[in-house]
Each structure stands twice: as C-alpha cells, then as structure tokens.
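In what follows, a single structure is set out as structure tokens and then discussed.
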Amino acid sequence: MIRLHFFKTNFMETYLQGIIRQALIEIGVEENQIPPVKIEKPRDPSHGDAATNVAMLLAKTLKKNPRSIAEQIVSKIQPDSGKVKAAEIAGPGFINFRYADYFIYSELNTILDKGGDYGKSVENKGQKCLLEFVSANPTGPLTVGHGRNAVLGDTVARLLEWTGARVQREYYFNNAGRQMRMLGLSVQARYLQELGQPTEFPEGGYEGAYIGDIAKELVNEYGDALLNQEDEKVFKEKAEAVIFDDIQKTLKRMNIVMDSFFNENTLYEDGSIQKVIDVLREKGLAFDEDGAVWFKTTEFGKDQDTVLVKSTGEPTYRLPDIAYHANKLERGFDLCLDIFGADHIDTYPDVMNGIEVLGYDKNKVEVLVYQFVTLVKDGKPFKMSTRKANFVTLDELMDEVGEDVTRFFFLMRSPNTHLEFDVNQAKEAGEKNPVFYLQYAHARIKSILRKVAELEKFDAKADLTLLNHTAEISLIKKLMNFPDAVSNAAGSREPHRLITYLNELAQGFTSFYHDCRIIGEEKNLMHARILLAEATARVISNGLGILGINAPERM
RNA sequence: GCGCCCGUAGCUCAACUGGACAGAGCAACUGCCUUCUAAGCAGUAGGUUUCAGGUUCAAGUCCUGACGGGCGUACCA
C-alpha cells in the first residue's frame, strides 16, 4: 500500500485541484481565466467530504449559469476510484466529492502508523521562531491576567512546533526602574516594621502579603543586620530573587518552561539603546524638545509625537522595546511573535516603525493581542488591581480549579474576545465542565482497551473495511481532519480552534461508543473497532498534548 | 474627540477567513444506568446574527454610517 504520510490532507487537496483544473482546460477555459481552485470541506456532511466553488466563480467570466458550468466540469472529471467517488453538483453550483472507502481506511492506517506524530506537518519546517510571552517584571506573583498570556503563548509555541518550526520561548523583563525600586522600598518598610521600627509605608508601594513574607525571610536570614541600609538595594535583590523563583514555579506548574530570559538591561550595556536614538536622529526622526528626546511618530500617521527619553534622562519603555525587537531580528529569527494584552497594543505601531527605520524587516514581527480576563465567581465579576493586595494569583486559581482546567479555560475562547473565567463552572468536577468531556472520552477508550487486553491477544492488523457503520465512518473522517485542525490553529494563532475540533471529535467518539460495541462483537469486527478506538485515543491525546493538558488513563 | 477590539439563543461562546439549513456548552423541559466509565446518551424548546444602507451568484463574515460595551489615547510599565 502506498503511504501518503507526508502529503496527507494536502495530498487530497492537490489531487482534486489537479483534476478540476484539467477538466476546466478540457472544456476550453483559458489558463489565465482559471480562478484559484479552493477546496473546502462542507459544514453539512450530506454535502460530501470536499467541495469546490469554481463553477460559481467562473459564472461571470464565462457568462453562463454556474450549474451548467459545473455540469460541464463534472462530465470531464474521471476521478481515481481509489480516492474519490464520482463528483456531484449541488445547490447553486457547488461540486461535491465524497472520499472513496479505500482512501478513508488507508487514512486510518496512517493515523495508527504515525501515532504520536500524527497531525504534525512540515509547513513551517526550518522556520526559526522567537516567541516572547509572559514578560512580567518580577514585582509580584503571576496573576490571572498573566495566565492568559502565558497559556496562549506556550500553546501557540506548541502549535508552531507541530507545524515544523523551531520555537524559542523567551521571557523579557526589567529589574531596574521605578517599579522595582518601589518593590525594594516596600520590602524594606515591611522589614523595618517586622523589627518594630516605626516606619511609613511608601506611597504607591506594593501591599501584597508576599512582601511581608519576603521581609520575614530577611529577618530570619540577617536578623537586624539590615536596619541601617542606606538604600533599598538588598531588599530589591532579595525580592527579585524570591519572586522570580516563584514565577518560574508557577509557570512550571502550568507546564511552561522558558528557553531564555532576556533582561532589558543588556540593551543598555551593549549600546543598542543608544544606537536606536542615533539612527533615528540621523534619519531626522528623533529630536529634542523640553529636555526630552522625541520620536517623530507623526511621520507615520499618529496624531502625536512620542517621548523616547524623558527629561529626567530615563527612557520610556518604547525605546528599549524597539531595541529589543531589533535585537531579536539580529539573532536571525524568521518570525518574532509577541503575546500582548489589549492594553499594550498602542506601543506596537511605534515598535514596528522603529525597527523598519533601523532597516529590519517588520514583516517578521507579529503580535498576538488578547483581550482581558474577567474572573467570575458566584455570578459576579471579581475586579482586580495588581498594586493593591486585591488580586487572585495563578497559583490560587490552580489550587482551586486545577492545572488542566486552568489551561483549558484560558484557551477555550478566541484571543480576540473577552474571556469570562467562571470559577464556579471550572470547579464543577463534573458535567458542567467542558475539560472533562475530552479527558473522559480518552479515559473511556483506555478503559476498554485495558479490558480487551485482558481477554485476548490480537495482532495489529485487522480488516478495516468492516467499519461501515455511519458512526464509524464519520468518526474516521473526523480523525482525518486533525492535521488540518492543527495547522489551522497554528496559522491563525488561535488555539481555541483546536479545542472546538477536539470537542467535535469527542462527540463523534461518544456516538460511536453509543452505537457500536467493541467487546463481545464478532472477532474481526472487534479487532477493527479496537483499532478505531486506539486511533481516536491517539488523536485526543495528541490534541490535548498540544494544549498542554493531560490525557488521563482513567478517571 | 481620535485609534484598536467586540456586539450571534436567557447566559458564556463557535462558525474552517465570502459559501449550502447560523452551531455547541450552561440554564429549562422529556426520556434513558442488570451490557465496554451516566464526568454519558437521545429528544424538545430557544434566532430578523444590535440597527440602517452598500458591494455580489452568495454576507454573521467585506465597505459606509448610526447605537451599545471594553481597552488605549502619559515625560506610567
């Protein structure tokens, strides 16, 4: 049997495109009149497995009605019976194809052969990607707000890896600046209070309980030896170390491991910040006014110029951002993807313009923007502010609802829409919780396979053509869509599409489970169904793996 | 004021990037556990896709304009 491993879905698509183009030429359509032949899969299974709309696209140029064009095309098509059954015309002029049985069963074999690799593609083969995400400064524990960023970033990374890319996960941070000084001062104040010194807590300081914990640690370590520190440096450094450690633990708990950490400070040390200003000045795009250095963003259509260096001599965050992105491109990545919250969106055009002026290809930089998360508890939104003690940390959230559920909920919705994280629904250990539906389907299959293994040995080969029940056929077809679902989610950077797919798959399995027994059926049929069940478990666990969620053996 | 995002079932959201009859999950109602996991299944009900125009064979999807919501619009990050 010829294996279609490396062409797979695309193989069928290019095949259909080929025979359609051939037919078009045969009926006398000029080469340059042929529109792009798009193959799509109909929503409604009764419309077949693949369809094209070329006839409708040609209606205008050929000045004929689409159905008659479709008829002409179909009359010239002689499909390979090993791949598709005859083409049909439907609706306003769609040409629908149905997969041949042989093709479907051979695809099922492919799934079983490829196993844990099924769904991987080569479309981004050789691409080097830098995915920057989280990038929270170490001023406090990761909160729910960071959670969406972290999970989205990591999952998009996994998706890109499945399409063949090499992805480096990078965390960008700044441990200098006012924020961090304030952090140090806050710890210092708590330290002094801890030792009974009358102290005023700094205005706008960090009030979270974790600050007090760090102070206590310092007391344990140093006693009162730090009473007469002139500045907050020791406190800041301690806080940074503790908090960073904490952040990494939280990430690890969420199944996220960074490949690199990039400190903003590097950009000052190696002079690249200065270089940005120099080049912008040289090109007449930076100028001095009121003691500050400005970026002439009005040149790019903004209604205001933008400050790069404040009159205090301190740069705004835009300047290092530009230098940082230049640095990324300098490192030779083909794609630099940033995960940004909606509140940061305004810096993006400045960065793009900046790096373009510096002579880099801004098409290599891409930003995935996600909207905010609202925690909902008991039907009420839970308002959070980072600086006040009033926030829910990611760890607390995971303590409450679990790691898998947390990841799933952050991924469930399109990045582009507000995410309402319903804690009550997430905590529900049962029916109301959409995560378990997927895991349950997987556990169920595994349970059956365990039972089967106790009964008898069977060889890996089986007569798959025995799988001809409606539920079986549509389950196999669903499995066949997995690679598309992966590359779709990867291409659009929208993991929720994969979740939608997996839900449909799990539904497909459950109706198979409902209609078709495995244990107790005639031996050959049982064997065939075991393979189908195995393939399904495989695809579910591959899919959940991409989402960074466990596929449990039993529940 | 200006810029970006959003508006789809009572609620939370999908809709494969312009395709065929707009779909799920909660919530509501009706059934189903001596048979491989009922964390499940089958069914009922729920819609003028905010409104008004436009583009075309075809619009929830694209363009214009209203209306409503979120975010941004700092010499804060």
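The values are calculated or read from the model by the stated rules, or taken from the named source; none is laboratory data. Note that this is a predicted model, so its numbers are computed, not measured. Cβ placement follows ideal geometry from the backbone for every residue including glycine, while neighbour counts extend to all protein chains displayed. Accessible surface is based on the protein model in full, side chains and every heavy atom, while ligands, DNA and RNA are left aside. Shrake-Rupley method; radii C 1.70, N 1.55, O 1.52, S 1.80 Å.
A few notes on this one:
- Derived scalar couplings between HN and Hα for the range A:249-255 equal 5, 4, 4, 4, 4, 8, 6 Hz in order, rounded to whole Hz, by the Karplus curve 6.51 cos²θ - 1.76 cosθ + 1.60 (θ = phi - 60°), x for Gly and Pro.
- The angle separating the long axis of helix A:209-222 from the principal Cα axis of greatest extent in chain A is about 60 degrees.
- Inter-site label distance for A:Asp117 and A:Asn65 at 7 Å from Cα along Cβ, in nm: 5.2
- In the full protein context, chain A carries 48 Å² of accessible surface per residue, based on a 1.4 Å probe and ignoring ligands, DNA and RNA.
- The range A:268-311 and the range A:520-547: distance between their alpha carbon centers, rounded to Å: 60
- The count of lysine pairs in the range A:66-152 whose Cα atoms are under 22 Å apart, excluding pairs fewer than 8 places apart on the same chain, comes to 4.
- Residues listed by number, the range A:78-112, amide nitrogen under 19 Å from A:Glu40 label point at 7 Å toward C-beta: A:88-99
- Bridging of A:Lys302 to aspartates and glutamates at a Cα separation below 12 Å is possible for A:Asp346, A:Asp350, once same-chain residues fewer than 8 apart are set aside.
- Bridging of A:Lys60 to aspartates and glutamates at a Cα separation below 17 Å is possible for A:Glu30, A:Glu31, A:Glu71, once same-chain residues fewer than 8 apart are set aside.
- Nearest-0.05 FRET efficiency for A:Glu237 and A:Tyr268, computed from C-beta distance (R0 25 Å): 0.85
- Segment A:Glu456-A:Asp515, length gained on full extension (0.36 nm per residue, minus Cα span): 18.9 nm
- In sequence order, the range A:303-308 has phi-based couplings of 8, 9, 7, 10, 6, 9 Hz under the Karplus curve 6.51 cos²θ - 1.76 cosθ + 1.60, θ = phi - 60°, and Gly or Pro positions carry x.
- For chain A, with +1 on Lys and Arg beta carbons and -1 on Asp and Glu, the positive-most of A:Asn174, A:Leu58, A:Gly341 along the dipole: A:Leu58
- Compared with the dominant principal axis of the Cα atoms in chain A, helix A:8-26 is inclined by about 60°.
- Accessible surface of the range A:177-291, 1.4 Å probe, proportion on carbon and sulfur as whole %: 44
- Helix A:434-455 axis, angle to chain A major axis (alpha carbon atoms, nearest 10°): 60
- Distances between placed amide hydrogens fall under 5 Å for A:Gln168 paired with A:Cys129, A:Leu130, A:Leu131, all partners being 5 or more residues away or on another chain.
- Cβ-Cβ FRET estimate between A:Asp213 and A:Val257, R0 fixed at 25 Å, reported to 0.05: 0.50
- Sequence-distant residues sharing a close amide H with A:Thr143 (under 5 Å, placed H): A:Leu394
- Modelled spin labels at A:Glu400 and A:Ala342, positioned 7 Å past Cα toward Cβ, are 2.1 nm from each other.
- Integer Hz, Karplus 6.51/-1.76/1.60 couplings in order for the range A:518-525, x for Gly and Pro: 10, 5, x, 7, 3, 3, 5, 5
- Close amide H contacts of A:Lys85 (hydrogens built in the peptide plane, cut-off under 5 Å, sequence separation of 5 or more or a different chain): A:Arg98, A:Tyr99, A:Ala100.
- Surface share of carbon and sulfur [accessible, 1.4 angstrom probe, percent] for the range A:1-103: 54
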